[in-house]
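Enquirer: The structure is given below, and queries will be raised subsequently.
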Amino acid sequence: MLWLTEEEVRSLLTIDDAIAAVQRAFLDHGNGRTQMPPKSYLYLPKHNGDLRCMPAYLEGQDLAGVKIVNVHPGNPQIGLPSVMALLILNSPQTGEPLAVMGATYLTSMRTGAAGAVAARHLARQDSRVVGMIGAGTQARTQLQGLSRYFPIEQVMVFDSFEDQALAFKDDVSGFMKCSCIAVSGPEEACECDILVTTTPSRRPVVRDEWIQPGTHINAIGADAAGKQELESTLLKRAKIVVDDIAQAVHSGEVNVPLSEGIIREKDIYAEIGEILTGKKTGRTSNDEITIFDSTGLGIQDVAAGHAVYEKALRSNIGRRMRLA
Ligand code: NAD
């Protein structure tokens with residue numbers, strides 16, 4: 001079995017690898033060629049966090065595995081990431097574990113890749129201005145992903161902690177040429193072509209009235225029951241595309257508006273895989289408001305993890321461990 005550390009995964013996985021892997025995984029999902037029971041959650045309210053288990057099998061590519069991941073929004077205050085993960089890849093033929101790898105970086109990269117793939121199909125092609133609400137780990141890879149498809153000229157970032165937004169602005173100048181401004185309120189970040197929300201909020205941070213026709217929103221932060229970043233009425237006037245219906249209904253951006261009765265399941269337009277396979281169309285006019293509701297899928301992890309595993313074998317990176 002191959003053991004790969006976080007640093008090794010980081011040295012192997014590029015955003016382009018992640019985008020290619022996630023795109024194939026969404027296509028497989030759209031073609032009904034995946035097995036992926038919805039994430040199972042252990043809620044840890046005493047510790048303001050949760051632990052999740054995410055098994056997945058991509059039948060066409062014959063790739064299987066399971067990720068264990070947490071979300072503890074208070075972790076940065078004690079020097080740990082909010083989200084940390086471990087991925088196990090198994091041989092579908094025998095079930096034996098092939099690899100165990102740190103998957104914290106991989107999680108952020110496959111999430112950034114999902115945002116990029118979705119925006120490519122849902123955002124206006126002439127999008128140049130990106131608004132970011134939340135300036136943590138996922139925000140960075142969202143922007144990295146978007147920069148692969150859009151010639152971004154301006155980024156406006158808001159975080160409830162100003163130092164986070166300023167640190168984000170500094171980081172962006174390391175990998176992008178465009179201008180980045182830390183803005184003083186979420187409303188200013190909404191004056192954009194593509195809005196990305198990556199907060200762990202349980203109350204809407206984006207008001208319906210702030211969003212102009214034609215905007216695309218990557219709603220990334222809501223990935224557990226009760227989480228919500230967008231005002232519910234905004235979803236009523238948007239084309240809603242989810243990554244997986246079962247997960248989204250339970251824990252995505254749609255979960256609260258559905259439970260309030262403001263939208264119904266039939267208001268969800270498509271899964272992203274249906275758009276990639278051409279079963280449904282993406283954006284159809286410059287005036288549509290589109291929302292990609294990302295909950296994060298086990299198939300994204302297994303697909304990206306396999307890309308890392310194959311590269312590691314080719315480059316002779318990692319340690320071989322014996323279980324027996
Ligand atoms: P993080 O702690 O690194 O960053 C979150 C940032 O949001 C912090 O800088 C924090 O100050 C800021 N913030 C919190 N509340 C805010 C508010 N109301 N307004 C503005 N800023 C606010 O966390 P992360 O790893 O970036 O994860 C962010 C969210 O994304 C979490 O909810 C996590 O569960 C979710 N997530 C989703 C996926 C997916 O696939 N959809 C994957 C990973 C993480």
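Enquirer: Relative to the present Cα-Cα distance, how much length would full extension add between Tyr43 and Gln125 at 0.36 nm per residue of separation?
Expert: The span from Tyr43 to Gln125 would gain 25.5 nm if fully extended.
Enquirer: Taking 0.36 nm per residue of sequence separation and subtracting the Cα-Cα distance, how much length would be gained by fully extending the chain between Leu51 and Ser184, in nm to one decimal?
Expert: Additional length available on full extension: 44.6 nm.
Enquirer: Also: Over the chain, what is the mean sequence separation of C-alpha contacts under 8 Å (at least six apart), divided by residue count, expressed as relative contact order in percent?
Expert: Computed value for the chain: 22 percent relative contact order.
Enquirer: Give the Kirkwood hydrodynamic radius (Å, one decimal) of the chain, defined as one over the mean of 1/r across all pairs of different Cα atoms.
Expert: 19.7 Å
Enquirer: What residue among Glu191, Glu229, Glu209 shows peak mean-square fluctuation when the chain is described by a Gaussian network model with Cα springs under 10 Å?
Expert: Glu209
Enquirer: Which lysines does Lys279 reach when only Cα atoms under 18 Å apart count, and residues fewer than 8 places away in its own chain are ignored?
Expert: Excluding near neighbours in sequence, the set is Lys239, Lys266.
Enquirer: Under a crude label model (7 Å from the Cα following the beta-carbon direction), how far is Glu191 from Gln154 in nanometres?
Expert: Taking the two extended label points, one gets 0.7 nm.
Enquirer: Just to confirm my numbers, what's the Cα centroid distance between the range 37-80 and the range 130-148 in Å?
Expert: 21 Å
Enquirer: Also: Just for the Cα atoms in the range 112-297, what are the lengths along the principal axes, largest first, rounded to whole Å?
Expert: 42, 32, 29
Enquirer: Hey, quick one: spin label on Gln77, modelled 7 Å out along Cα-Cβ, who in the range 22-51 has an amide N within reach, i.e. under 16 Å?
Expert: 45-50
Enquirer: Ok, one more. Carbon and sulfur together cover what percent of the accessible area of the range 85-234 at a 1.4 Å probe radius?
Expert: Carbon plus sulfur share of accessible area: 48 percent.
Enquirer: Here's something else I'd like to know. Order of 89-100, 234-245 by packing, highest average Cβ count within 10 Å first?
Expert: So the peptides 89-100, 234-245, ranked by packing, come out 234-245, 89-100.
Enquirer: While we're looking at this one, here's another question. Just to be sure I understand the model, the point goes 7 Å from the Cα along the line to the Cβ. What's the resulting Arg207 to Asp267 distance in nm?
Expert: Result: 2.0 nm between the two label points.
Enquirer: List the relative contact order of the range 112-297 as a percent without decimals, with contacts defined as Cα pairs under 8 Å and 6+ residues apart.
Expert: 23 percent
Enquirer: While we're on this one: Longer than 24 Å from Cα to Cα, which of Lys67/Lys227; Lys169/Lys236; Lys39/Lys169; Lys67/Lys311; Lys177/Lys236; Lys177/Lys311 are they? Say none if no pair is.
Expert: Exceeds cut-off: Lys169/Lys236; Lys39/Lys169; Lys177/Lys236; Lys177/Lys311.
Enquirer: Using the heavy atoms of the protein chains alone and a 1.4 angstrom probe, what is the accessible area of the chain per residue in square angstrom?
Expert: 43 Å²
Enquirer: Something else now. With point charges of +1 on the Cβ of Lys and Arg and -1 on the Cβ of Asp and Glu, referenced to the Cα centre of the chain, which listed residue (Gln125, Tyr309, Tyr269) lies farthest in the positive direction of the dipole?
Expert: Tyr309
Enquirer: Relative contact order of the range 1-147, please, whole-number percent, based on alpha carbon pairs below 8 angstrom and at least 6 residues apart.
Expert: 24 percent.
Enquirer: If we sort 34-42, 193-201, 313-321, 248-256 on the protection proxy, mean other Cβ atoms within 10 Å, highest first, what's the order?
Expert: Peptide ranking by packing, descending: 193-201, 248-256, 34-42, 313-321.
Enquirer: Could you name the aspartates and glutamates whose alpha carbon sits less than 12 Å from that of Lys280, not counting residues in the same chain fewer than 8 places away?
Expert: Glu271
Enquirer: Next up: Work out the charge dipole of the chain with +1 on the Cβ of Lys and Arg and -1 on the Cβ of Asp and Glu about the Cα centre, then indicate which of Val9, Ala222, Ser91 is farthest towards its positive end.
Expert: Of the candidates, Ser91 comes out farthest on the positive side.
Enquirer: Report the chymotrypsin sites (Phe, Trp or Tyr not before Pro) located in the range 147-233 that are in a DSSP loop and have at most 15 other Cβ atoms inside 10 Å of their Cβ, or state none.
Expert: Sites meeting the loop and neighbour criteria: Phe161.
Enquirer: Only four residue types carry charge here, +1 at the Cβ of Lys and Arg and -1 at the Cβ of Asp and Glu. Report the dipole size of the chain about the Cα centre in Debye, rounded to the nearest 20.
Expert: Around 740 debye, computed over the chain.
The values are calculated or read from the model by the stated rules, or taken from the named source; none is laboratory data. No experiment lies behind these values; they were computed from the predicted model shown. Every residue, glycine among them, receives a Cβ derived from its backbone with ideal geometry; neighbour counts consider all protein chains shown. Please note that ligands, DNA and RNA were not included when accessible areas were found on the heavy atoms of the full protein model with its side chains. Shrake-Rupley method; radii C 1.70, N 1.55, O 1.52, S 1.80 Å.
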